[in-house]
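See structure below.
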Amino acid sequence: MERIVILNFGAQYNQLIARRVREAGVYSEILPPMSSLEKIKGNGLSGVILTGGPDSVYDEGSRTCLEGIYSLDVPVLGICYGMQLMCKHFGGRIAPAPTREYGKTFVRFSESPMFVDMPDSITWMSHNDSVIECPEGFKVTASSDTCDICAVEDNERRLYGVQFHPEVNHTEYCAQFFKNFVLGICGCIGGWSMDNLANELIDEISKQVGDCKVVAGLSGGVDSSVAATLVHRAVGDRLTCIFVDHGLLRLNEAEEVMSYYRNEIGLNVIEVDAKERFLSKLSGVTDPETKRKIIGTEFIRVFEEEARKIGAEYLLQGTIYPDVIESGVGGASVIKSHHNVGGLPKDIGFKGLVEPLRKLFKDEVRRLGESLGMPAPLVWRQPFPGPGLAIRIMGDITPEKLDILRKSDFILRDEIAKAGLDRAIWQYFTVFTGVRSVGVMGDIRTYDYTIAVRAVSSTDAMTVEFSEIPYPVLRRISSRIIAETPHVNRVVFDITDKPPGTIEWE
Ligand code: XMP
C-alpha cells in the first residue's frame with residue numbers, strides 16, 4: 001500500500017500537507033512526532049514528511065522525532081522547522097535569521113528532483129530561524145534575496161528540506177512540488193481519489209455507531225449537509241437532523257433552509273426555536289472567545305435535550321479541518337474557538353461525536369458532496385459560521401444591532417448577486433463594527449454606525465485574499481446600505497488578506 005506519513009510538529013498548515021499528498025493521488029496519515037517506528041512503517045510506507053512548527057530547534061523541550069526516521073529506507077522531506085530539525089541532526093547550524101522572512105518570497109531553484117518543472121517563482125515563507133550552515137553531504141538547492149539556504153538535499157540518502165511552505169496556495173508551484181516528491185522522489189504510482197473517500201467514511205460511521213441512533217446538528221451549510229448525507233447512507237432513518245434557530249441567522253435564513261431540506265433532500269429535520277435562550281445567555285457579553293464558548297455550550301444543550309426525546313446516543317457535527325486547527329487542537333496555537341470544537345463544553349451528554357469531515361477542507365467537502373450526488377446550490381452555498389451574526393457584531397449583541405446587520409447583509413448579498421459575482425466570491429458579508437462617526441445626511445449632522453463589507457476569495461479558508469469588487473458595485477452597495485439601513489452613515493471595505501487577518505472579525 002502506498003502511504004506517506006506526516007509527522008506533525010504543530011504547524012498551522014500541516015493538514016494542507018496531507019491534502020496536497022491526497023491531491024497527488026496518495027493516501028497520507030498525520031502522526032505525532034514521537035510515534036514509534038513500527039507505527040510509522042505501518043502497512044506500507046513510501047515517504048515521511050516532517051512539518052513546520054512554532055518551536056526553535058535549540059530550545060529546551062522543542063519537539064523532535066526518533067532518530068531512526070532517517071534510516072527507514074524511504075525519502076524524508078523536512079518543511080521549515082522540519083528542515084531545520086533534519087539539518088541539526090546531521091550537524092548543520094541553525095540561527096535566528098537576520099531578516100525575518102514572512103509572506104510571498106521570490107525563490108531561485110537549482111536543478112533538483114524536488115524542483116522538476118518548477119521555474120524560479122514565488123513561495124510562501126514564514127520563519128524566524130534559518131539554516132546557516134548546511135550539514136556535510138548535503139547541498140543547497142534554492143535561495144532568496146534574504147535567505148541563502150532555502151532548500152537542501154542529500155540525494156544519496158534521499159533526504160530533502162525546504163525552508164518555504166510548499167503546501168500553501170501562495171506557493172506558485174505547490175501542486176507540482178508535491179507531485180515531484182510523492183510520485184518522483186518517493187516513486188508512488190498514485191490513484192487514490194476522492195471517490196474512494198465516501199465509501200471509506202460511510203464504513204467508518206457504520207462501525208462507530210453500530211445500532212445506535214444519531215442526531216445531527218444541521219446548519220444549512222455544506223459541511224453539516226454533506227456530513228448528514230454520509231450518515232444517512234450509513235444508518236438510514238436512525239438519523240434525526242436538528243436545525244437550531246439561535247436568533248443569529250441572516251434575513252429569511254431559517255425559512256429558506258428548512259424548505260430546502262424538506263423539499264429537496266429527503267432528510268428528517270426538526271426545527272428548534274432557541275432564539276430566546278441564546279440571546280439571553282449572550283446579553284451584555286463582548287469578548288469574542290466568551291461568545292463562542294456560550295454558543296458552543298448552548299448548541300450542545302439543545303442537541304442533548306432533543307436526543308433524550310428520541311433516545312439518540314451519538315451527535316453528528318459537520319466539523320471540518322480549519323475549525324479543528326484554529327481551535328488549537330494538536331499543539332497549534334488557538335486562533336479562535338470554533339463553536340463545534342474549542343467552543344464545546346467539557347461535559348457532553350453523548351456516547352460519542354461523529355465527525356466524518358474532521359480532516360477535510362471546504363473544497364474537498366464540496367467535491368465529496370458532488371460525488372454523493374447532492375444538489376449544486378447546496379454544495380456551493382457560501383459558508384456561514386455556526387455562531388452566526390454573533391461574531392460579526394463587535395461588542396455586545398442587541399436586537400437593534402442584529403436588525404442593522406441583517407438589513408445591510410441582505411443588501412450586500414442582493415447587489416453581489418445582481419452583479420453576477422455570487423459564485424466568483426467565496427464568502428461575503430457585512431460586519432457591525434461598533435464604530436460611530438460623524439456624517440451629514442439631508443443637511444443634518446449624523447453620528448451613526450459604520451458597517452464594514454468583507455468579501456474574500458479562497459479555496460480552503462486557510463489562506464484568503466480580499467476580493468477586488470469593482471468600484472461601481474461597491475458604490476451601489478454603500479449607497480443602498482446607507483439609504484436603506486437605519487442608523488448607518490458610513491460603509492468601509494475590508495482589504496485584509498488571511499493571514500494576517502481572519503475571514504470573520506471575531
Ligand atoms: P476564519 O474567521 O477563522 O474563518 O478565517 C474560516 C471559515 O470558518 C468559518 N467559521 C466558523 N464556522 N463555526 C463554524 O462552523 C465557527 O465557530 C466558525 N468560525 C469561523 C468562517 O465563516 C470561514 O468560512
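The numbers here are math on the coordinates, done by the rules we state, and not lab data. Bear in mind the structure is a predicted one, so any value in this text is a computation, not a measurement. Cβ coordinates were reconstructed from backbone atoms using ideal geometry, including for glycine residues, and neighbour counts include every protein chain displayed.
Quick notes on this one:
- Scalar couplings 3J(HN,Hα) for segment 282-288, obtained by applying the Karplus form with A = 6.51, B = -1.76, C = 1.60 to θ = phi - 60°, are 8, 4, x, 7, 10, 6, x Hz; x denotes Gly and Pro.
- Centre separation in Å (Cα based) which lies between segment 416-469 and segment 41-113: 41
- Cα-based shape type of segment 1-105, given that a ≥ b ≥ c are square roots of the gyration tensor eigenvalues and the cut on a/c is 1.5: oblate
- From phi via Karplus (6.51, -1.76, 1.60), per-residue ³J(HN,Hα) for segment 28-33 in Hz, x at Gly/Pro: 9, 9, 9, 10, x, x
- Using a simple spin-label model with pseudo-atoms 7 Å out from Cα toward Cβ, Glu204 and Ile335 lie 2.2 nm apart.
- Members of Lys281/Lys309; Lys275/Lys401; Lys104/Lys498; Lys39/Lys88; Lys104/Lys139 lying beyond 20 Å, as alpha-carbon distances in this model show: Lys281/Lys309; Lys39/Lys88; Lys104/Lys139
- Relative contact order %, the chain, counting alpha carbon pairs below 8 Å whose residues are six or more apart: 11
- FRET efficiency estimate (nearest 0.05) - Cβ-Cβ, Arg475 to Glu133, R0 51 angstrom: 0.35
- Those GluC sites (Glu not before Pro) in segment 1-100 that DSSP places in a loop and that have at most 16 other beta carbons within 10 Å: Glu60
- Across segment 258-275, rounded Karplus estimates of 3J(HN,Hα) from the backbone phi angles (6.51 cos²θ - 1.76 cosθ + 1.60, θ = phi - 60°) give 4, 5, 5, 4, 5, 8, 9, 10, x, 9, 8, 10, 10, 9, 10, 8, 10, 4 Hz, Gly and Pro being marked x.
- For segment 90-191, the gyration tensor built on C-alpha atoms gives an oblate shape. Its axis ratio a/c (a ≥ b ≥ c) is at least 1.5, and a/b is not larger than b/c.
- Across segment 265-280, no residue has a backbone nitrogen under 14 Å from the label position 7 Å along the beta-carbon direction of Ile348.
- Angle in degrees between helix 362-371 and the longest Cα principal axis of the chain, rounded to the nearest 10: 80
- The length gained on full extension between Lys104 and Asp148, counted as 0.36 nm times the residue separation minus their Cα-Cα distance, comes to 14.2 nm.
- The sum of -39500 (n - 2.57) across all DSSP H runs of n ≥ 4, divided by the residue count of the chain, sets its helix-only mean residue ellipticity at 222 nm to -9500 deg cm²/dmol.
- Beta bridges by DSSP in segment 129-264, antiparallel share as percent, to the nearest 5: 65
- Of the beta bridges in the chain, as assigned by DSSP with both residues counted there, near 50 percent are antiparallel.
- About its Cα centre, segment 98-184 has a charge dipole of approximately 220 debye under the convention of +1 per Lys or Arg Cβ and -1 per Asp or Glu Cβ, with nothing else charged.
- Cα gyration tensor category, rounded, prolate or oblate, for segment 123-162 with a/c compared to 1.5: prolate
- Qualifying aspartates and glutamates (Cα of each under 16 Å from Cα of Lys407; at least 8 residues distant if same chain): Glu253, Glu415, Asp448, Glu484
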